[in-house]
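First up is the structure itself, then whatever we jot down about it.
The values are calculated or read from the model by the stated rules, or taken from the named source; none is laboratory data. Just so you know, these numbers come straight off a predicted model, no measurement behind them. We place every Cβ from the backbone using ideal geometry, glycine too, and count neighbours over all the protein chains shown. Surface accessibility is based on the protein's heavy atoms, side chains included, excluding ligands, DNA and RNA. Shrake-Rupley method; radii C 1.70, N 1.55, O 1.52, S 1.80 Å.
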Amino acid sequence: MLMKKLLFFCFAAVASLALVIGSGTTLNAMETDNPAPVHEMPPYAYFFQWLPGVSAQVPVSYGSLLLSSPKDLNSEMPEENKLKSPFSDEQIAVEAVETAVGTVYVWRFPEPERVPLCLFAAFVPRDGKYTYYTIEKSFEDCWVLGHMTDEAHSNYGTVERPADASAFVELLDKAGLLAGEKEPNASFVPARSKE
């Protein structure tokens, strides 16, 4: 338990550098002993700042502890940082898919209501940490295979909507992304990265 708390502290410190709440308050300004109110993360910030920022700090050796259930990254860790996920733990289904590169953890979210929110997020082991890929709702009933780092939101093109976690991992494999072999079709740097 002590190791888990230490990991939470380290992950939150790194994630706080990039996460901006809708009010403009950063995580750094909200220490756990601060009586500030809890801020609900907007879905975009959750999908494209919180999850990629925190998951990129998870060592592969801790994947089964922190990514096999939404509890830690979705509710406990945000709560310790005066944040609230836009999803309850019960709304997120998690599946571990075994691949040639290791276990890929796939989180399935409720059907997205608007562009570019996510139906799936995959945490792919690479170089001892996790790389974050998404299936994002796009225009005209299209779906986009996406990727997010602390620097850019990338697009690998439109794809068929995967039926389940295994189909999503199969898409990643066919695209060469499990092995990190493909460059994105397009990328943009969100305005928050320039601050």
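Odds and ends about this structure:
- Probe 1.4 Å, protein heavy atoms only - accessible area per residue of region 138-195 in square angstrom: 60 Å²
- Total lysine pairs whose alpha carbons fall under 24 Å of each other in region 62-195 (8 or more apart, or interchain): 9
- Normalised by the number of residues in region 126-195, the mean separation of alpha-carbon contacts (under 8 Å, six or more apart) gives a relative contact order of 27 percent.
- A dipole drawn for region 77-195 from +1 and -1 charges on Cβ atoms has a positive end, and of PHE120, LEU171, THR149 the residue lying farthest that way is THR149.
- Fraction of alpha-carbon pairs over 14 Å apart in region 45-104 - percent: 58 percent
- Separation in nanometres of the label points that stand 7 Å from Cα toward Cβ, at ALA163 and SER69: 3.0 nm
- Rounded Å value of the spacing that divides the Cα centres of region 47-112 and region 143-168: 16 Å
- Residues of region 146-164 with amide N under 14 Å of the 7 Å Cα→Cβ point at ALA175: 146-149, 153-163
- Gain upon complete extension [GLU79, GLU151; 0.36 nm per residue less C-alpha separation]: 23.4 nm
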